Structure formats: C-alpha cells, structure tokens
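S.K.: My questions all concern the structure below.
The values are calculated or read from the model by the stated rules, or taken from the named source; none is laboratory data. All values derive from a computational prediction rather than experimental measurement. Neighbour counts are summed over all protein chains in view; Cβ atoms, including those assigned to glycine, are modelled from backbone coordinates with ideal geometry. In case anyone asks, the SASA skips ligands and DNA or RNA and just uses the protein heavy atoms, side chains included. Shrake-Rupley method; radii C 1.70, N 1.55, O 1.52, S 1.80 Å.
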Amino acid sequence: EFPDCPALEDVNVDFGNGWYNDHHFHYGYHIFAAAVVAKHRPEWGREYFEHVLLYIRDIANPSSEDGFFPMYRQKDWFLGNSWAAGLMSMELSPHGREQESSSEAIAAFEGIALYGSAMMNAFADHDEMRATATLVRDLGEFLTAMEVDAANRFWHIWNSKDVGDDSNTDSSGNESSTKRHLHVSNYPAAYPKPVVGMMYETMASFQTWFAPEDVVSYGIQLIPLTAVAERRDDPEWVEILYPIYADACEAANKANDGFCDDNGWSIVQAGLLAEIGRIDDALEMTAQVPDEVFLSDGACGNSRTNTIWFVSTRKTH
C-alpha cells in the first residue's frame, strides 16, 4: 500500500513496472487477449471497453487532452521504435534508454489494432463508440507498421545477397521485370550476429536481461507467435537465422541440461522452421514438446493450440 510499495522503491521489482518500464511488453499481452475475447464475445467487449482502454491509453495514448496518461509513452518518433525503459533503465545504464524484445513491442501494437477491429464489430449499431474503436484500430495499425520497420532496421541484421531483377511473364506472354527489395544492414561487419539482443540509445549488444544463452537473444525477437510475424520476419532473414537458431538451441541443451527445450525456446524454433516453409517438420517438432513446457512460464507466451495454428498457416516455399 502506498507509500510502502516495494515496486516503487526498487526499479528491479516487477521488471521496473512501478517506474514505467516494460509497460508495452506486459500490457500488450492483456490487450491481445482482450481482442480475442471481444471478437468471440462482443457483449464482454462492450462491458469492459473502458477498462481495456486504460491499458491502451497507458502505452499508446494519442490525445494531448488526456489528463491521466502521457502521449505515446514508449514511442521514439525519430527512430520509429519503442523504448522499454521508463523513468530509468533497470541497471541505470549510461547508454540511455533500451529495448530488448522488438517482437513483443510489435505484438503490443498488433493487439491494439486487433482490439479496435473487434470492437468496431461489437459497436456496429453505435456510431460514436464505433468511431472510437476505429481510432483504436487505426492507431494500432500505424504503431505496428512503425515498429516492424524499426525491427528490421535495428534488431534484424542481414544483407541481401544481391538486388537482381525478377522477370515474370503475364498471361499474354509479355515479360515484366520488378526489382527485388534490397536490404542493407546498418551494422558493421565486425558485428557478426543476425540479431541485436538489446538496443540502447548509444549501444547495440548481443545479450538479454535474464539469460546468457545465445538462443535467448535470438528467441526474444520472435515471441509471441502471432499473425504479424508474416510482416515482421523477412523471409531472407529467416533463412539466415534458422540454422543459427537451431545450433544455438542444441548448444544450450548440451551446456545447460536441456535449457532450450525445457524453457520453451524449442517452441519458437518450430515457428521459425515453419517460416522457412518446412511445415510438416515444424508440426512434428511441435508435437514433441512436452505438455508441461506449454503449461509453464517458459512457454514464451504460446500454447500448443496457438503454435499449431501458427505453423499450419505459414507459407510453403
């Protein structure tokens, strides 16, 4: 009870929530879950609409007239990404604000977009509330697009093999040529990893807060497994990342008594395997994950049902 609240005395309690750290990471899961419930139970969505908006206003308030929450708490409008640090970083870093999981930031804003979309349907007969829900959807889509672009700029690291031309022949036999997207890494060759584990304002590093294993630095950029991954994970980058991820998972298992499998990072590997088009292999890998892993805190936010859905709906190459 305030003022005797440990979370307000120590920035390391509850991931620094009392100091406004990681709000989008954690509240994003609640918003996403609310979107799912509201889609299937619109009456629930209507009853708790204002309650869920408190989460959304906390991390993505668009209004300068809101007297309770700042505008866009997490967002860096110059770089396009979010920062997880609130009033201060958890280790009081001299490198400024930081963000670890680009994918959880993306999923938070994806959740806002999905919630707005679900509530547009729930308020189909109420013009004023539907307009509010439309604003929520549009806000979520806009922030998601920015975050995806920033992830591919600062967290996902690769260079396209070549720019080349793709030649196609239409039904009339006419050949057309479209230039393929060329991705150029922002990082020097001295940084050999395909991801940044944590990006600060003045430093990029291959690490996480909570574990030293390489597979965690890779996997934290891939959770949770949601629909936006199709936009988030460039196919060229995924092809580069998968064998590195698989080796890192195996190394973590050998070095630390099954660490990768027991802590759910093999679930993420199955999702990544599906993204490179090996759907059947990914389904088999998912089936081999023990029930207790999916039921544990280490399931990386994924159920078996969600993982099977994700794997089954990826594109075959």
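S.K.: Among the helices (runs of 4 or more DSSP H) contained in segment 1-48, which hold 3 or more residues that are under 21 Å from Ile59 (Cβ atoms)?
M.R.: 23-40
S.K.: Let me ask another. All but one of (1) within 30 Å of Glu9 (Cβ to Cβ); (2) open to solvent by 40 Å² or more (accessible area, probe 1.4 Å) hold for Lys75; state the number of the condition that does not hold.
M.R.: Failing condition for Lys75: (2).
S.K.: Is it the case that some residue within segment 229-247 is of a type outside the set (Gly, Ala, Ser) and assigned to a loop (DSSP other than H, G, I, E, B)?
M.R.: Scanning segment 229-247 turns up at least one residue that is of a type outside the set (Gly, Ala, Ser) and assigned to a loop (DSSP other than H, G, I, E, B).
S.K.: Among the residues of segment 58-67, what is the count of those that are surrounded by fewer than 16 Cβ atoms within 10 Å (Cβ to Cβ) and β-branched (Val, Ile, Thr)?
M.R.: 0
S.K.: Condition test on Gly164, is it modelled with pLDDT of 90 or more and not basic (Lys, Arg)?
M.R.: no
S.K.: From the list Ser172, Ser177, which residue is surrounded by fewer than 16 Cβ atoms within 10 Å (Cβ to Cβ), at pLDDT below 90 and out of contact with any Asp or Glu (no Cβ under 9 Å at 6 or more places or on another chain)?
M.R.: Ser172
S.K.: For segment 136-148, check the following and say yes or no: at least one residue is in contact (Cβ under 8 Å) with a residue 24 or more places away in the chain, assigned to a loop (DSSP other than H, G, I, E, B) and not small (Gly, Ala, Ser).
M.R.: no
S.K.: Taking segment 89-127 as the region of interest, how many residues are over 16 Å from Gln74 (Cα atoms) and polar (S, T, N, Q)?
M.R.: 3
S.K.: Here are some residues: Tyr20, Tyr29, Tyr55, Tyr48. Which one is under 20 Å from Arg232 (Cβ atoms) and open to solvent by 70 Å² or more (accessible area, probe 1.4 Å)? Can you show your working first?
M.R.: Numbers: Tyr20 fails: under 20 Å from Arg232 (Cβ atoms); Tyr55 fails: under 20 Å from Arg232 (Cβ atoms); Tyr48 fails: under 20 Å from Arg232 (Cβ atoms).
Of the residues listed, the single one that is under 20 Å from Arg232 (Cβ atoms) and open to solvent by 70 Å² or more (accessible area, probe 1.4 Å) is Tyr29.
S.K.: Name the single residue, out of those in segment 205-252 being among the polar types (S, T, N, Q), under 23 Å from Tyr187 (Cβ atoms) and open to solvent by less than 60 Å² (accessible area, probe 1.4 Å), that is farthest from the chain's Cα centre (by Cα). Step through it out loud before you land on a result.
M.R.: Of the residues in segment 205-252, the ones among the polar types (S, T, N, Q) are 205, 207-208, 217, 221, 226.
Subsequent filtering for residues that are under 23 Å from Tyr187 (Cβ atoms) retains 205, 207-208, 217, 221.
Cutting the leftovers down to open to solvent by less than 60 Å² (accessible area, probe 1.4 Å) gives us 205, 208, 217, 221.
Values: Ser205: 18, Thr208: 15, Ser217: 13, Gln221: 7 Å.
Ranking the candidates gives Ser205 first.
S.K.: Residues in segment 86-109: is at least one open to solvent by 20 Å² or more (accessible area, probe 1.4 Å) and within 14 Å of the chain's Cα centre (by Cα)?
M.R.: Yes.
Residue-wise test of (1) in a helix (DSSP H, G or I); (2) under 21 Å from Ala248 (Cα atoms); (3) open to solvent by 40 Å² or more (accessible area, probe 1.4 Å); (4) free of Cβ contacts under 8 Å to residues at least 24 places away in the same chain.
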| site | (1), (2), (3), (4) |
| --- | --- |
| Leu273 | yes, yes, no, no |
| Leu283 | yes, yes, yes, no |
| Val289 | no, yes, no, no |
| Gly298 | yes, yes, no, no |
| Thr305 | yes, no, yes, yes |
| Phe310 | yes, no, no, no |
